[in-house]
Amino acid sequence: MGHITPFFELAKKLSQKGFHVYLLSTPINLTFIHNTHSSIHLVELHLPESPDLPPHRHTTNGLPPHLNLTLQNALKSSEPAFSDVMATLRPHLLIYDVLNPWAARVAESHDVPAVRLFTIGAATCSYYTHSLSRENEEYPFPELRLSTYDRDRVQKMLERWRSGLKYTDITEDRNVCVITASREMEGKYIDSLSHLLGGRKVMPLGLLVRQEEDDCDQFHVIMEWLGKKEEKSTVYVSFGSECFLSDEEIQEMAYGLEESRVNFIWVVRFPKGEERNLEMALPKGFLDMVGDRGRVVEGWAPQARILSHPSVGGFVSHCGWNSIMESVVRGVPIVAMPMQFDQPMNAKMVVEIGVGVEVVRDDCTGRFSRKDVAKALARVIVEEVGETVRRNAEVMGKNVRAKSLKEMDEVVALLAHICGQASI
């Protein structure tokens, strides 16, 4: 969901500004889209058949990490199918995912201008691009210095990228880039990324967040429960749709929530195909121990609506970029527990700008303890230092909301200009 969500949110913004939008992705990705906009048309991109990558794996949602490169190669192999789509639709502009640079080359062959979209934050994009292009130089922003455990994992991931994605793939497109970020949060990192891309213009879109969900009837009991809690007394706990806690981590998380004495809503997910459930994973008697202080949900909860509720005073998050944006826009402090990919850098940035705290982990193993979970929750919800973080989050949310409107208008004007030139 990490990439399809910002593309769909951007499509909605553009359709509201008068653009006619085709949103192209794999069939499995498009099943996650609930489109009610007449000016947005969903277009399926079918990847070549492969026993290693059946159709239900044509998405990063729930994809085992060892298949990431396989998926990227399959997408690249779909160039002929994508070229046919371009020939049929004849768009005035292509906005493409930075991880699919081949799409820009296909667009060029059809005389269609292409604009790349970075769907993760500027801090992470800057960190990645620096690591890929200047691997022997130290990254210039110590605020993003990672633990030994996170640094090693990020480096291994970048090594896999190097085998399938060249730095020239990132830099060869000379058009403007757009990014799901706001200068209010990441101004210096946007400038850094522009510099690393040879001075290419990088325009922030502002923070693209989902609106509150409408189909929340099944969660009315939880929303009623939340409505009875004091203002900013409750934490929402969720690790996204692509990150899963181990049995040991679920146990430590549970005991940390119990020891913290704060109210909580905890969304627990398990990988598809695994025969685990809440009863098996939670400590015996956990729900009785926490009583009316907590609610545990398996699978999914209306995250946007919960984060918008005045009783919520913190978000325990894996720090996926979409979750970061949803929390910041709503002025909710973040308790950072990064798991993989861009999340360690996102967590450091959140702490740097003063809108969150990070749960302490072992530097070498990455493990966290129940005591460190409880301590971080207390810092945000109970202790005086939490007042500063909460105030920072509220101010940042207000400023980002205002700034994002202007940033989106600037990008819309640019895209309209490009479309106008292409139609001449």
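The simple spin-label model puts a point 7 Å past each Cα toward its Cβ; for Y139 and T365 those points are separated by 2.5 nm.
Loop-located trypsin sites (Lys or Arg not before Pro) in region 337-389 (DSSP state not H, G, I, E or B) with no more than 16 neighbouring Cβ atoms inside 10 Å: R367. Orientation-averaged projection of region 1-143 equals 10.5 nm² [convex hull of Cα atoms, one quarter of hull surface area]. Here region 90-143 is treated as a sphere whose radius is the Kirkwood value from Cα pairs; by Stokes-Einstein at 4 °C and 1.567 mPa s it diffuses with a coefficient of 100 µm²/s.
Principal axis analysis of the Cα atoms in region 217-399 yields extents of 44, 42, 28 Å, listed in decreasing size.
Relative to the longest principal axis of the Cα atoms of the chain, the long axis of helix 122-133 lies at roughly 60 degrees. By the rule of a C-alpha distance below 17 Å, with chain neighbours fewer than 8 residues away ignored, the lysines paired with K188 are K201, K348, K403. Annotation: Cα Rg of the chain relative to the compact-globule expectation 2.2 N^0.38 Å equals 0.98. If R0 is taken as 51 Å, the Cβ-Cβ distance between D84 and V221 corresponds to a FRET efficiency of 0.55.
With everything on Cα atoms, drop me the angle between helix 4-16 and the longest principal axis of the chain, reported from 0 to 90° to the nearest 10. That works out to roughly 70 degrees. Across the alpha-carbon set of region 209-321, the Rg to Rh ratio works out to 0.94, Rh being the Kirkwood radius. Other residues whose C-beta falls under 14 angstrom from the C-beta of L146 contribute a net charge of -3, scoring Lys and Arg +1 and Asp and Glu -1.
Specify the angular offset, from 0 to 90 degrees and rounded to the nearest 10, of the alpha carbon long axis of helix 68-77 from the longest principal axis of the alpha carbons in the chain. With both axes taken from Cα atoms, the answer is about 20 degrees. Look at the dipole of region 217-399 built from charges on Cβ: of G240, W266, G331, the Cα furthest out on the positive end belongs to G331. Report summary: the helix-based calculation at 222 nm, which adds -39500 (n - 2.57) for every DSSP H run with n ≥ 4 and divides by the residues of the chain, gives -14500 deg cm²/dmol.
Just so you know, all these numbers are worked out from the coordinates, no wet-lab data involved. Quick caveat: nothing in here was measured; it's all calculated off a predicted structure. Positions of Cβ are generated from backbone atoms using ideal geometry, with glycine treated the same way; all protein chains shown enter the neighbour counts.
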